[in-house]
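Rule-based calculations on the coordinates, nothing more; no lab input. None of the values given here were measured: they were computed from a predicted structure. Note that each Cβ is placed from the backbone with ideal geometry, even for glycine, and that neighbours are counted across all protein chains shown.
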Amino acid sequence: MFNRIKHNPDAPFTPRTVMLGGKAAPGYHMAKKIIKLFNNLARKINNDIDVGERLKLVFLENYRVTLAEIVIPAADLSEQISTAGTEASGTGNMKFKLNGALTIGTLDGANVEMAEEMGKENMFIFGLKLHEVEELRRQEYNPADYYMCNEELREALEQLKNGTFCPESPGLFEDIANDLMYHD
Ligand SMILES: *Cc1c(COP(=O)(O)O)cnc(C)c1O
């Protein structure tokens, strides 16, 4: 979204505030890196003159039930985008739904039951179904193919690699980019 605004600052854009909450276990290096990345993105995007008030990122510090009680009823859109087959259930998805947020998500975990209960027409479903994920894994899955074919994805990953969001320590997010390129 940031790159789209930067490339075309006068194009229409529905204003958004993106919130991310979560905690990382002490030894979970990649989760810590992702939180760091989100905070660095926030620093860059929230202070960008072309972006202005149209896009804001907020990391919810110390996310816990007390904060969830405020944030969940206030949310307009709930993103539940795990790869099909990876989420056991999810409860946050149901809390958002019950409090009136729209859901964009994959058919995974409790999203499946939510879609059954409320009707698929009331949910924004996208992504591979479980059997399609399994089929892709059986074939040769090469994440780098998507990087080659999708210009926006390529730009985003290049920015992770070249230190756009961490000029003070340029290699910091390279492992996230490599994980996405060669593994996930
Ligand atoms: C519901 C809840 C969770 C679990 O969220 P999921 O999206 O199901 O992983 C975690 N933390 C808090 C504070 C919650 O209220």
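General remarks:
- The base-10 log of I(q)/I(0) for the stretch 21-80, evaluated at q = 0.15, 0.17, 0.22 Å⁻¹, reads -0.58, -0.73, -1.05 [Debye formula, identical scatterers on Cα atoms, solvent excluded].
- Ordered by the count of other Cβ atoms within 10 Å of each Cβ, fewest first, ILE81, ILE125 give ILE81, ILE125.
- Each semi-axis of the equivalent ellipsoid for the stretch 126-184 is √(5λ) with λ an eigenvalue of the Cα gyration tensor; in descending order they amount to 27, 11, 9 Å.
- LYS56 long-range amide H proximity, modeled H, under 5 Å: ARG16, THR17, VAL18
- Relative packing of peptides 112-120, 92-100 - highest average C-beta neighbours within 10 Å first: 92-100, 112-120
- The amide H of SER78, built 1.01 Å from its N in the peptide plane, has LEU102, THR103, ILE104 as neighbours under 5 Å, considering only residues 5 or more places off or on other chains.
- Each 5 Å bin from 0 upward holds the following percent of the Cα-Cα pairs of the stretch 44-173: 2, 9, 12, 14, 16, 17, 17, 10, 3, 0.
- Antiparallel beta bridges, as assigned by DSSP with both residues in the chain, represent about 0 percent of the total such bridges.
- Cα centroid of the stretch 18-91 to Cα centroid of the stretch 149-173, whole Å: 19
- A Cβ-based charge dipole, computed about the Cα centre of the stretch 40-184 with Lys and Arg at +1 and Asp and Glu at -1, lands at about 380 debye.
- Helix-only CD estimate at 222 nm, as mean residue ellipticity for the chain, using -39500 (n - 2.57) per DSSP H run (n ≥ 4): -13500 deg cm²/dmol
- Each residue of the stretch 115-130 is assigned a 3J(HN,Hα), and the resulting list reads 4, 5, 6, 9, x, 4, 5, 9, 8, 8, 9, 8, x, 6, 7, 3 Hz, derived from the Karplus form 6.51 cos²θ - 1.76 cosθ + 1.60 (θ = phi - 60°), x at Gly and Pro.
- For the chain: relative contact order, % (alpha-carbon pairs under 8 angstrom, 6 or more apart): 16
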